[in-house]
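The values are calculated or read from the model by the stated rules, or taken from the named source; none is laboratory data. What you see is a predicted model; the values in this text were computed from it and never measured. Neighbour counts are summed over all protein chains in view; Cβ atoms, including those assigned to glycine, are modelled from backbone coordinates with ideal geometry. For the accessible areas, the whole protein counts, side chains as well, though only heavy atoms, and no ligand, DNA or RNA atoms are used. Shrake-Rupley method; radii C 1.70, N 1.55, O 1.52, S 1.80 Å.
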Amino acid sequence: MKAASTTKHHAKPQRPEDERLPVGRSFAYGFQHVLTMYGGIIAVPLIVGTAAGVAQDEIALLIASCLFVGGAATVLQSYGVKFFGSQLPLVQGVSFAGVATMTAILNGGGGIQTVFGSVLVASFIGLVIAPFFAKVVKFFPPVVTGVIITTIGLTLMPVAANWAMGGNAQAENYGSLANIGLAAATLVLVLLLSKLGNAAISRLSILLAIVAGTVIATLLGMTDFSKVGNGPIFAIPQPFAFGLPVFDIAAIISMTIVVLVCMTETTADILAVGEIAKTKVDSRRIADGLRADMLSSALAPVFNSFTQTAFAQNVGLVAITGVRSRYVVTAGGVIMLVLGLLPVLGRVVAAVPTPVLGGAGIVLFGTVAASGIRTLSKVDYKDNMNMIIVAVSLAFGMIPVVSKTFYDQFPTWFGIIFHSGISSAAIMAVLLNLLFNHLKAGNSENQSVFVASPPRMVRAEEVTALQEGDYFQGGKLIAADGSEVPVVTAQQYQVVKEKLDKGEVTCTDDIRRICDSIPASEK
């Protein structure tokens, strides 16, 4: 009995993700997951907090809250309980997808309480529709998600530029060479660290560059850590620390679009990590994962955080390391929870010079855009209207970026929705995808100049008929000696061939090139 019990205890888990590693190794690998996504998870509260005009200590509170909620969401997603959690090695954190929309809400006159209210209601809507989302996910193919992800990165580039200039347009040194030089130095550090052969350093290049950039700024007297000691070292996140949420219909509609994007991203990451881990992923497991995603997002505003989603970079880390245990990610979630209980760390991060964040942001936000472009590269553009879907949707997404007053004369609710480049691009991409790829009425092949042309092809015999030095100039085929090579029709070709077969002509100079155009096997 004892032997049987021992054998059972050491039996290999039925699912690869259920493997249990020693505690020390689990937390070591878990900490690596935290470091991989740390730069991404702190960027959102920094952007939103700055846009909301809150004080530095309040930005620190937002950072601590996002770490705390992200840790709790990660534990729920990876460890899981009944109906909640995919039980896969997925790291959860605050989503980039909502940054542009939340900034638009703030710029439209809403406060951070309006942002929290829109996140709460939109996430609850996502929680309700989670079981049915698999049935409508077909309306978010790569041509739609690629546009959305690309737009997210592009709409955030002005944020990176503003950071690089100093962040505060009213400051005397805004746009100074010192600020931009510091941002450039940080950018160069990111690139150099990424170039190193060490994979671990390369993966942590953004975080390490921020640290190094801050050290440089400190040596140059461009930092202020005087407020780091103000406030508690340890604190439990206070519910509704910024006040009760405010509910605005237009903001909620706009944020609901973001929630749908988050659900699409999480679904894609669940499928991706399932494939990497070589484990079964069915619709029920996806629904459980989405419910965990949306429950975390709905509770996030209570603890001063924003929409949650699975982090794609951590899916890549699972593939790179080969560590598929979900308990490793659970350990990472516990680490994030602890970090969220230490607001002093948030105050340290909040004191990082804005130009340093700008240099790192160029790479960080550019990577998001590049990810979207990579998704768009997988789209089939032949004999369909996907080209115009991408073109028009991206253009709509860029309108509020290049012209901030474009929608000022529209109704307030409309402006809040479309002042966000991500919302504009998402709405247009979904509608155009429905119009061109789902509503077949009126469709005909090659009816538009936007339909991609078929690839160029040349018959093998046409290539073999060419000689060394032949070239085209002004629409004529010229031989290496400068003489023009006659180009014949299929009919003329047949006439010459028949005469050759009958012996009526020979390969004289006047028809030599015509003869050469006939394949050797037919001469």
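Computed quantities for the displayed model
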read-out	value
Out of A200, A217, sole residue that is at pLDDT 90 or above and either surrounded by 22 or more Cβ atoms within 10 Å (Cβ to Cβ) or assigned to a helix (DSSP H, G or I) (or both)	A217
Some residue of segment 140-154 being crowded, with 16+ Cβ neighbours inside 10 Å, in a helix (DSSP H, G or I) and of a type in the set (F, W, Y)	no
Filter result (open to solvent by 20 Å² or more (accessible area, probe 1.4 Å), over 19 Å from I63 (Cα atoms) and not aliphatic (A, V, I, L, M)) within segment 351-383	G366, T367, S371, R374, T375, S377, K378, D380, Y381, K382, D383
Any pair with Cβ under 9 angstrom, 6 or more apart, that starts in segment 103-130 at a residue that is touching a residue at least 12 places away in the same chain (Cβ under 8 Å) and under 21 Å from S296 (Cβ atoms) and ends at one that is surrounded by 22 or more Cβ atoms within 10 Å (Cβ to Cβ) and of a type in the set (F, W, Y)	V115/F306; F116/F306; V119/F306
Qualifying residue in segment 272-285 (condition: of a type in the set (S, T, N, Q), over 22 Å from F96 (Cβ atoms), open to solvent by 20 Å² or more (accessible area, probe 1.4 Å) and assigned to a helix (DSSP H, G or I))	yes
Meets criteria (at pLDDT 90 or above, over 23 Å from the mean Cα position of the chain (by Cα), surrounded by 17 or more Cβ atoms within 10 Å (Cβ to Cβ) and farther than 17 Å from G366 by Cα) for L177	no
Qualifying positions in segment 286-297 - over 13 Å from Q92 (Cβ atoms) and either crowded, with 22+ Cβ neighbours inside 10 Å or touching a strand residue (DSSP E or B) at 6+ places or on another chain (Cβ under 6 Å) (or both)	I286, D288
The lone exception for P245 - which of (1) within 23 Å of G322 (Cβ to Cβ); (2) over 19 Å from the mean Cα position of the chain (by Cα); (3) surrounded by 13 or more Cβ atoms within 10 Å (Cβ to Cβ) it fails	(1)
Checking M222 against (1) open to solvent by less than 30 Å² (accessible area, probe 1.4 Å); (2) over 27 Å from F31 (Cβ atoms), the condition it does not meet	(1)
Subset of segment 45-76 that is among the aliphatic types (A, V, I, L, M) and outside any helix (DSSP H, G or I) - its residue that is surrounded by the most Cβ atoms within 10 Å (Cβ to Cβ)	V54
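Quick grid of which residues meet (1) farther than 20 Å from F124 by Cα; (2) not aliphatic (A, V, I, L, M):
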position: T266; (1), (2): no, yes
position: G274; (1), (2): yes, yes
position: R284; (1), (2): no, yes
position: S297; (1), (2): no, yes
position: V302; (1), (2): no, no
position: Q308; (1), (2): no, yes
position: A312; (1), (2): yes, no
position: V315; (1), (2): yes, no
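Residue-wise test of (1) out of contact with any strand residue (DSSP E or B) (no Cβ under 6 Å at 6 or more places or on another chain); (2) of a type in the set (D, E, K, R); (3) within 12 Å of V119 (Cβ to Cβ); (4) at pLDDT 85 or above.
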| site | (1), (2), (3), (4) |
| --- | --- |
| I252 | yes, no, yes, yes |
| V259 | yes, no, yes, yes |
| M263 | yes, no, no, yes |
| A277 | yes, no, no, no |
| V302 | yes, no, yes, yes |
| N314 | yes, no, no, no |
